[in-house]
Amino acid sequence: MSRNRQEPLAARMRPRSIDEIEGQDHILGEGRLLRRVIEADRLTNIILYGPPGCGKTSIAEAIAKSTKRNFVRLSGVTSGVADIRKICDRSSSELDGEGTILFVDEIHRFNKSQQDVLLPFVEDGTVVLIGATTHNPNFFINTPLTSRSLVFELKPLDAKAISNLILKALKDEERGYGRIPSEIQDDALEFLSTVSEGDARHALTALEIAMLSTPPSDDGIVHFTIDVMQECVQKKRVVYDKDEDGHYDTISAFIKSIRGSDPDAAIYWLAKMLSAGEDPRFIARRLVISASEDIGNAEPRALPLAIAAMQAADFVGMPECQLNLAQAATFLASSPKSNASCIAISEAMADIRTGAVQPVPEHLKNKHVQAIGSNEVTEYKYPHNFLNHYVKQDYMTVSKKYYRPTGQGFEAAIARRLKTIKA
């Protein structure tokens, strides 16, 4: 048995090669740069950046198994300057060998002086550095180190990748639980894969707890049900089918609560979606739509705030971006409402589809032209040259009123202005 049975399941199930690594095809797929340099054992300094449990250490261990060079590990939490110097000095005295790869887990924990000690040994090739970090290297790792390294960003594992790891652990007789008859229900597998939020270690730890705490049934098989998994992760399943009614019904309730000016209901449906693992960027996009569809010019700040929340959701990610989404949702729900802009564009689009398309009036064309059979050149009147920066002239061949501002919020001021200048 290659691994100690006393090790946690997540440690025992670490991939033994790059082919066993799940969910990082964008950097490890066939022909990708990182895969090529690993297979050729031509590794340069690299920084692996990504959330917990996405495979940073697994990639480092796969490299350790495939390289002919010395492979040394350090932890950014427990190691200090003396440890760095000891390893680098030893590597300097063994220059006639294959060389040394130094893997530093949680490298962001090294302070500036510790990183500065490491820099000259990286710079002269004494060691090849592999750094793993959950923090953005641009902010937490010295620029001289990142400039001498290839930075690879790992993604959170999707539900399919987590499911594959769980099933492998249940079938693997050497490292997992393949020797124990077991069965996991589809809804339990889906729940654990989703609730783990891309963290393979979290999923395998929950599976281990379930295996150790669940006795076999009368048929001698350990049955993993949804109730068992909810208890092991201490989190209740939210009934929410991402591609079916649960998804569409909940987002509908969310948007209608905003439209109905109920911030409490909007927050509740937002919390349900986030708890169920909904993509926060999807929610943010719907907020941007609602800002124009349901609020419009009644509160002009709604749209820029919704766009800011969308950008924050993409930049910050979960769980912190729930704060940005909550701020936008409550502001939109509490804002005065108007669908006047929505109605205006709908009516204009309908006229374009069903009626004759109006020609551009001569005086609005890019160049003023003389109408055929006329001695006069049609003149465009520049509004800024007139009182109140307004002058009456036609802007459509056939005039029609599309935008009818309401008396809500700032749109009331817009309505008063339009009435005044047209009087």
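So here's what we get for this one:
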read-out: Contacts under 7 angstrom Cβ, first residue in region 373-389 being hydroxyl-bearing (Ser, Thr, Tyr), partner surrounded by 10 or more Cβ atoms within 10 Å (Cβ to Cβ) and modelled with pLDDT of 80 or more, 6 or more apart; value: THR378/GLU362; THR378/HIS363; TYR380/HIS363; TYR380/LEU364
read-out: Among (1) in a loop (DSSP other than H, G, I, E, B); (2) crowded, with 20+ Cβ neighbours inside 10 Å - the single one LEU145 does not satisfy; value: (1)
read-out: When residues of region 398-423 are limited to those that are among the hydrophobic types (A, V, I, L, M, F, W, C) and not in a loop (DSSP other than H, G, I, E, B), the one modelled with the lowest pLDDT; value: ILE421
read-out: Residue that is nearest to the chain's Cα centre (by Cα), among those in region 3-26 that are without any contact (Cβ under 8 Å) to a residue 40 or more places away in the chain and loosely packed, with under 13 Cβ neighbours inside 10 Å; value: ASP19
read-out: Residue selected from region 44-82 under the condition over 21 Å from HIS202 (Cα atoms) and of a type in the set (Ser, Thr, Tyr), by the criterion surrounded by the fewest Cβ atoms within 10 Å (Cβ to Cβ); value: THR78
read-out: Index of the failed condition, SER91 passing every other in (1) modelled with pLDDT under 85; (2) in a loop (DSSP other than H, G, I, E, B); (3) small (Gly, Ala, Ser); (4) over 30 Å from SER193 (Cα atoms); value: (2)
read-out: Hits in region 62-76 - residues which are at pLDDT 85 or above and either in contact with a Lys or Arg (Cβ under 7 Å, 6 or more places away or on another chain) or charged (D, E, K, R) (or both); value: ARG73, GLY76
read-out: Of all residues making up region 27-57, the number that are over 26 Å from ASP172 (Cβ atoms), touching a residue at least 12 places away in the same chain (Cβ under 8 Å) and not polar (S, T, N, Q); value: 6
read-out: Residues that are closer than 26 Å to SER147 by Cβ and not in a loop (DSSP other than H, G, I, E, B), drawn from region 19-37; value: HIS26, ILE27, LEU28, LEU33, LEU34, ARG35, ARG36, VAL37
read-out: Of the criteria (1) in contact (Cβ under 8 Å) with a residue 40 or more places away in the chain; (2) within 17 Å of PRO52 (Cα to Cα), which one GLU106 fails; value: (1)
read-out: Any hit, region 312-333, residues being in contact with a Ser or Thr (Cβ under 7 Å, 6 or more places away or on another chain) and either under 30 Å from VAL288 (Cα atoms) or modelled with pLDDT under 90 (or both); value: yes
read-out: Filter result (assigned to a helix (DSSP H, G or I), surrounded by fewer than 20 Cβ atoms within 10 Å (Cβ to Cβ) and out of contact with any Leu (no Cβ under 8 Å at 6 or more places or on another chain)) within region 313-339; value: ASP314, PHE315, VAL316, LEU323, THR330, SER334
read-out: Subset tally (residues that are of a type in the set (S, T, N, Q) and either assigned by TED's automatic domain parsing to the domain that holds LYS401 or surrounded by 13 or more Cβ atoms within 10 Å (Cβ to Cβ) (or both)) for region 340-353; value: 1
read-out: Any hit, region 153-175, residues being more than 25 Å from GLY53 (Cβ to Cβ) and surrounded by fewer than 19 Cβ atoms within 10 Å (Cβ to Cβ); value: no
read-out: Close pairs (7 angstrom Cβ cut-off, 6 or more residues apart or separate chains): closer than 9 Å to ILE226 by Cα and at pLDDT 85 or above in region 181-202, assigned to a helix (DSSP H, G or I) and among the small types (Gly, Ala, Ser) anywhere; value: LEU189/SER163; LEU192/ALA203; LEU192/ALA206
read-out: Scope region 383-397; condition surrounded by 10 or more Cβ atoms within 10 Å (Cβ to Cβ) and in a loop (DSSP other than H, G, I, E, B); matching residues; value: PHE386, TYR390, VAL391, GLN393, ASP394, MET396, THR397
read-out: When residues of region 1-15 are limited to those that are touching an Asp or Glu at 6+ places or on another chain (Cβ under 8 Å) and either of a type in the set (A, V, I, L, M) or under 10 Å from ILE59 (Cα atoms) (or both), the one modelled with the lowest pLDDT; value: MET1
read-out: Exclusive hit being part of a helix (DSSP H, G or I), under 25 Å from LYS65 (Cβ atoms) and either at pLDDT 85 or above or touching a strand residue (DSSP E or B) at 6+ places or on another chain (Cβ under 7 Å) (or both), set VAL122, VAL104; value: VAL122
read-out: Residues that are part of a helix (DSSP H, G or I), closer than 23 Å to ASN138 by Cα and β-branched (Val, Ile, Thr), drawn from region 38-61; value: THR57, ILE59
read-out: Candidate set from region 177-232 (those that are in a loop (DSSP other than H, G, I, E, B) and hydroxyl-bearing (Ser, Thr, Tyr)); member that is farthest from MET13 (Cα to Cα); value: SER217
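The values are calculated or read from the model by the stated rules, or taken from the named source; none is laboratory data. Values in this document were obtained by computation on a predicted structure and should not be read as measured data. Virtual Cβ from ideal backbone geometry, glycine too; neighbours counted across all protein chains shown.
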